[in-house]
Every structure is written in structure tokens, then in C-alpha cells.
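Q: Below is one structure. I have some questions about it.
The values are calculated or read from the model by the stated rules, or taken from the named source; none is laboratory data. All values derive from a computational prediction rather than experimental measurement. Cβ sites come from the backbone with ideal geometry, for glycine too, and all protein chains shown count toward neighbours.
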Amino acid sequence: MTVYRPPITMTMSIIHRITGGALYFGTLLVAVWLMAAASSQATFDWVNWAFGTWLGRLILFGYTWALMHHMLGGVRHLVWDTGAGLEK
């Protein structure tokens, strides 16, 4: 049993960093999709098929969640930079 409980700001900061890293790899998937679209119809169809499977959809859902979480975390940091919401 521990006495220390991490504050919510620390937890959210850690998650913000993790989602930032996940966005790096998700952006590679977007680049693959764009390269497939530029190369040939068969390659594009194959990539669309791969993204349409349950695993592909799960990965795309995770990418979307990471993107939204990271964006909203950035907005929260901008609001905190103004000093709003930090009064006691």
C-alpha cells in the first residue's frame, strides 16, 4: 500500500506524452495510405481493405482517440497558460 497518490495533472501530462508518441506512428499510417493512393488502384484497394478489417478499424479508432485527446490536452495547456482555472 502506498501513501503517495499521483495528482491528476501529472497523470494527464503522462497520457499527453503517450498520445503524442502514438500520433507519430499513426501519421505513418496516413502516409502509407496517401502513398498507396498515389501509386496504383490495386495498392490503394489493398490498403483500404487492411484498414477496413476489425484490427485496422481498431488501430484507426486508437489513432483518432489519441489525436482528439492530444488536441484537447493542448487546448487545456493553452488555457492554463492564461492562468484560467488555477485559482484557489
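Q: Any residue in the stretch 8-27 that is out of contact with any Phe, Trp or Tyr (no Cβ under 9 Å at 6 or more places or on another chain) and not in a helix (DSSP H, G or I)?
A: No, there is no match, as no residue in the stretch 8-27 is out of contact with any Phe, Trp or Tyr (no Cβ under 9 Å at 6 or more places or on another chain) and not in a helix (DSSP H, G or I).
Q: Taking the stretch 49-71 as the search range and keeping residues that are surrounded by fewer than 12 Cβ atoms within 10 Å (Cβ to Cβ) and not polar (S, T, N, Q), which one is farthest from residue 16 (Cα to Cα)? Before you say what the answer is, go through the steps one by one.
A: Taking the stretch 49-71 first, the residues surrounded by fewer than 12 Cβ atoms within 10 Å (Cβ to Cβ) are 49, 52-55, 57-58, 61, 64, 68.
Then drop every residue that is not not polar (S, T, N, Q), which leaves 49, 52, 54-55, 57-58, 61, 68.
Details: 49: 31, 52: 27, 54: 26, 55: 24, 57: 22, 58: 20, 61: 17, 68: 11 Å.
Among those that are surrounded by fewer than 12 Cβ atoms within 10 Å (Cβ to Cβ) and not polar (S, T, N, Q), it is 49.
Q: I've got another one for you. Has the stretch 35-47 got at least one residue that is surrounded by fewer than 13 Cβ atoms within 10 Å (Cβ to Cβ) and either at pLDDT below 90 or part of a loop (DSSP other than H, G, I, E, B) (or both)? Before you say what the answer is, go through the steps one by one.
A: Here is the first cut: in the stretch 35-47, the ones surrounded by fewer than 13 Cβ atoms within 10 Å (Cβ to Cβ) are 35, 38-42, 45-46.
Adding the requirement that they be either at pLDDT below 90 or part of a loop (DSSP other than H, G, I, E, B) (or both) leaves 40.
Yes, some residue in the stretch 35-47 is surrounded by fewer than 13 Cβ atoms within 10 Å (Cβ to Cβ) and either at pLDDT below 90 or part of a loop (DSSP other than H, G, I, E, B) (or both).
Q: Kindly indicate whether residue 84 is surrounded by fewer than 12 Cβ atoms within 10 Å (Cβ to Cβ) and among the small types (Gly, Ala, Ser). Steps first, answer last, please.
A: Working: surrounded by fewer than 12 Cβ atoms within 10 Å (Cβ to Cβ): yes; among the small types (Gly, Ala, Ser): yes.
It is true that residue 84 is surrounded by fewer than 12 Cβ atoms within 10 Å (Cβ to Cβ) and among the small types (Gly, Ala, Ser).
Q: Something else now. Residues in the stretch 36-57: is at least one under 30 Å from residue 78 (Cα atoms) and out of contact with any Leu (no Cβ under 7 Å at 6 or more places or on another chain)?
A: The first filter runs over the stretch 36-57 and keeps only residues under 30 Å from residue 78 (Cα atoms), leaving none.
For the stretch 36-57, residues under 30 Å from residue 78 (Cα atoms) and out of contact with any Leu (no Cβ under 7 Å at 6 or more places or on another chain): absent.
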